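The values are calculated or read from the model by the stated rules, or taken from the named source; none is laboratory data. Fair warning: this is a prediction, and the values are worked out from it, not measured in the lab. Quick reminder, even Gly has a Cβ in these numbers, built from the backbone with ideal geometry, and neighbours come from all protein chains shown.
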């Protein structure tokens, strides 16, 4: 048991080192834009963080305009997915994936993928911070927020393993929020969860039929 | 015995294998084909490291669930973590496979002095040695080596051949498949040539 744990820890350490190395390399590629980022985004950084929480606040409390809250949630999830997609090579250690597969159990790979996914998902962490701050009474008023966090996790997992299903999920979710129907926030979010689950069942479309 | 059944593999618009069937009967086979015909891809599919559109691989007439436990592979297609030193990569592999540090393999390939060099800084010959050490460390019944002698010095090739000579001694149901554009030296050591 101890040996098993030690082997898992060595794999985890390797993956964490690969993760930080890849992120550093990605950041160094952005270095040439650093001055531009510092000038444009530097003063706005605090504002962006506040915007992140403001967006979450709107998603939590948009009972007066559920369709608006649902639209905001889909856009929020889309932005989150784009950020995670950019980080996928670091999260999965895509460059050495075959090496990992040749030596390590698939359950270990998935487990470490999920840990690094959580570590990378600042958006989900922000939601969890808000969730921890809610009282039971508040939770009863905003049960859809639990589904929103579930969707945030789904987005991350789909980005890693089912990108096509994520594409379908967003496509159908956008159709749902644009439909002229009157739904409560909870109904919208239950719909999104159903769409995300069902989209994994849609078979991939082959664009090229050349044989 | 490894058998490939109805394999279809496509990269974007390039069809590499179309309803491909192949049976490797010999204990030691040297697979031959021109560049780009899919030798490495086939080895990767056999090792379960690359997926195919359809088809399956049989090992001694059976499909295997966790192929990586039964197949050992060395190929340039498997990128080793180049931010680690060779020692760290070998130690990581030892831990994964529950093996001791393979001192005999390291000495045999004269790799000692390169252990503390980062993988990315190793010459292509030494990178190949590192791949081979990990492949032999595993001691899986099925051994797949992609161009094992490429970039190796003569002494290391001789050591590789002694390893290949003895590899199947304790693996009665095992098999070795290699690819090589210079098969002569392997043919002298009991390998049979087979076209893709």
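Kindly establish whether residue A:102 is modelled with pLDDT of 90 or more and closer than 30 Å to residue A:10 by Cα. Break it down into steps so the answer makes sense when it comes.
Values: modelled with pLDDT of 90 or more: yes; closer than 30 Å to residue A:10 by Cα: yes.
For residue A:102, the condition - modelled with pLDDT of 90 or more and closer than 30 Å to residue A:10 by Cα - is met.
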Per-region count, the stretch B:42-54, residues over 23 Å from residue A:109 (Cα atoms) and crowded, with 16+ Cβ neighbours inside 10 Å: 1
Residues located in the stretch A:88-99, provided they are more than 10 Å from chain B (Cβ to nearest Cβ) and buried (at least 20 other Cβ atoms within 10 Å of the Cβ): A:90, A:91, A:92
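Among A:47, A:69, which is touching a residue at least 60 places away in the same chain (Cβ under 8 Å) and away from chain B (no Cβ under 14 Å)? Walk me through how you get there before you give the answer.
Values: A:47 fails: touching a residue at least 60 places away in the same chain (Cβ under 8 Å).
So the residue among A:47, A:69 that is touching a residue at least 60 places away in the same chain (Cβ under 8 Å) and away from chain B (no Cβ under 14 Å) is A:69.
Identify all residues within the stretch A:74-93 that are part of a helix (DSSP H, G or I) and within 13 Å of residue A:16 (Cα to Cα); write none if there are none.
To start, the set of residues in the stretch A:74-93 that are part of a helix (DSSP H, G or I) comprises A:74-92.
A:89, A:90, A:91, A:92 - these are the residues of the stretch A:74-93 that are part of a helix (DSSP H, G or I) and within 13 Å of residue A:16 (Cα to Cα).
Evaluate the stretch A:28-43: report whether one residue or more is within 11 Å of chain B (Cβ to nearest Cβ) and either closer than 29 Å to residue B:90 by Cα or surrounded by 10 or more Cβ atoms within 10 Å (Cβ to Cβ) (or both).
Filtering the stretch A:28-43 for residues within 11 Å of chain B (Cβ to nearest Cβ) gives none.
For the stretch A:28-43, residues within 11 Å of chain B (Cβ to nearest Cβ) and either closer than 29 Å to residue B:90 by Cα or surrounded by 10 or more Cβ atoms within 10 Å (Cβ to Cβ) (or both): absent.
Test residue A:165 against the criterion of being exposed (fewer than 15 other Cβ atoms within 10 Å of the Cβ), over 18 Å from residue A:63 (Cα atoms) and at pLDDT 90 or above, and give yes or no.
Details: exposed (fewer than 15 other Cβ atoms within 10 Å of the Cβ): no; over 18 Å from residue A:63 (Cα atoms): yes; at pLDDT 90 or above: yes.
When the stated conditions are applied, residue A:165 does not pass them.
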Considering residues of the stretch B:71-82 that are over 19 Å from residue A:9 (Cβ atoms) and without any contact (Cβ under 8 Å) to a residue 60 or more places away in the chain only, the residue surrounded by the most Cβ atoms within 10 Å (Cβ to Cβ): B:78
Hits in the stretch B:96-110 - residues which are surrounded by fewer than 20 Cβ atoms within 10 Å (Cβ to Cβ), without any contact (Cβ under 8 Å) to a residue 24 or more places away in the chain and within 12 Å of chain A (Cβ to nearest Cβ): B:98
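Determine whether residue B:57 is within 20 Å of the chain's Cα centre (by Cα), closer than 18 Å to residue A:104 by Cα and crowded, with 18+ Cβ neighbours inside 10 Å.
Working: within 20 Å of the chain's Cα centre (by Cα): yes; closer than 18 Å to residue A:104 by Cα: no; crowded, with 18+ Cβ neighbours inside 10 Å: yes.
Criteria not met by residue B:57.
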From A:39, A:48, residue being farther than 22 Å from residue A:171 by Cα, assigned to a helix (DSSP H, G or I) and more than 19 Å from the chain's Cα centre (by Cα): A:39
